[in-house]
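Shown next, in structure tokens, is the structure this report addresses.
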Amino acid sequence: MDGSGQYNPRTVEEVFRDFKGRRAGMIKALTTDVEEFYQQCDPEKENLCLYGFPTEQWEVNLPAEEVPPELPEPALGINFARDGMQEKDWLALVAVHSDAWLLAVAFYFGARFGFDKADRKRLFNMINDLPSIFEVVTGNAKKQVKDKSAASNHSSNKSKPNSKARGSEPQGKSAKPKEEEEEGLDEEEEEDEHGDTLCGACGENYGTDEFWICCDICERWFHGKCVKITPARAEHIKQYKCPSCSSNKRARP
């Protein structure tokens, strides 16, 4: 059920890499692939689990038959709650259980391969530097960034209608004003301001060498590659809606 073949991470760095891969897959299921994930979680089926793999892929499937399982198992029966609550609340619930499962898997490897106190602490600190899946799915990760520099981010949000997309070089809708590009100091300040901005899909930080686009509904930023939007395509989008906002507009049965 693990889907990772014979791969067993044995060092702190390998376990963290495994954690990031599984996390990325589960975030993808709950954000960019949310419609497909929703459909697969049919309440009429048996107990279903959401699995994340080190390859950044995800899968909805029945739990492992072997007892005890090779790895800790995710929460059972996520499909049963789907139609009994609002979609955003259901996704948040799945996200919380997914965070718990990721930690269980990571520290299972740590225990299995004899991590000492220092290794366990280092692994936890590396994991803790990333926003949780729950924070990414609910938008709380972005809210926490806003709290750190409310004044500067408030100013940035005011200019968002003119800064839908941003990347390494000026685009038609670049977030950097012309004056900032001409002044090195202002460029550094702008980079610091957005340095803690997190992608609403993968949860990774903003990078000046990457193309980003902002959702006009929830105002979260996304890597273009995560939502399959290129700079050229962004030029022709009048109002961009991220996958989550697009799916929320559709009535659920």
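The values are calculated or read from the model by the stated rules, or taken from the named source; none is laboratory data. Remember, it's a predicted structure, so these values are computed and weren't measured experimentally. No Cβ is skipped: glycine too gets one built from the backbone with ideal geometry, and neighbour counts run over all protein chains shown. Surface areas here come from the heavy atoms of the whole protein model, side chains and all, with no ligands, DNA or RNA. Shrake-Rupley method; radii C 1.70, N 1.55, O 1.52, S 1.80 Å.
So is Gly84 in contact with a Cys (Cβ under 9 Å, 6 or more places away or on another chain) and either of a type in the set (A, V, I, L, M) or farther than 17 Å from Lys20 by Cα (or both) or not? Can you show your working first?
Values: in contact with a Cys (Cβ under 9 Å, 6 or more places away or on another chain): no; either of a type in the set (A, V, I, L, M) or farther than 17 Å from Lys20 by Cα (or both): yes.
No, not satisfied.
One line per residue, one yes/no per condition, for (1) over 15 Å from Ile127 (Cβ atoms); (2) out of contact with any Gly (no Cβ under 6 Å at 6 or more places or on another chain); (3) at pLDDT 95 or above:
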site: Ser4; (1), (2), (3): yes, yes, no
site: Asn8; (1), (2), (3): yes, yes, no
site: Phe16; (1), (2), (3): no, yes, yes
site: Gly21; (1), (2), (3): no, yes, yes
site: Gln57; (1), (2), (3): yes, no, yes
site: Pro63; (1), (2), (3): yes, yes, no
site: Pro68; (1), (2), (3): yes, yes, no
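Tally up the residues in region 225-242 that are assigned to a helix (DSSP H, G or I) and either touching a helix residue (DSSP H, G or I) at 6+ places or on another chain (Cβ under 6 Å) or among the basic types (Lys, Arg) (or both), please.
To start, the set of residues in region 225-242 that are assigned to a helix (DSSP H, G or I) comprises 231-234.
Now drop any that are not either touching a helix residue (DSSP H, G or I) at 6+ places or on another chain (Cβ under 6 Å) or among the basic types (Lys, Arg) (or both), which leaves 233.
Residues that pass the stated criteria total 1.
Just for region 203-224: of the residues that are open to solvent by less than 10 Å² (accessible area, probe 1.4 Å), assigned to a loop (DSSP other than H, G, I, E, B) and closer than 15 Å to Ile237 by Cβ, which one is modelled with the lowest pLDDT?
Gly224
Checking Gln239 against (1) at pLDDT 85 or above; (2) open to solvent by less than 20 Å² (accessible area, probe 1.4 Å), only one condition comes out false. Which one?
All conditions pass for Gln239, except number (2).
Does region 7-26 contain any residue that is among the basic types (Lys, Arg), under 24 Å from Cys215 (Cα atoms) and open to solvent by less than 60 Å² (accessible area, probe 1.4 Å)?
Taking region 7-26 first, the residues among the basic types (Lys, Arg) are 10, 17, 20, 22-23.
Next cut, under 24 Å from Cys215 (Cα atoms) only: 23.
Adding the requirement that they be open to solvent by less than 60 Å² (accessible area, probe 1.4 Å) leaves 23.
Within region 7-26 (the criterion being among the basic types (Lys, Arg), under 24 Å from Cys215 (Cα atoms) and open to solvent by less than 60 Å² (accessible area, probe 1.4 Å)), the answer is yes, since at least one residue qualifies.
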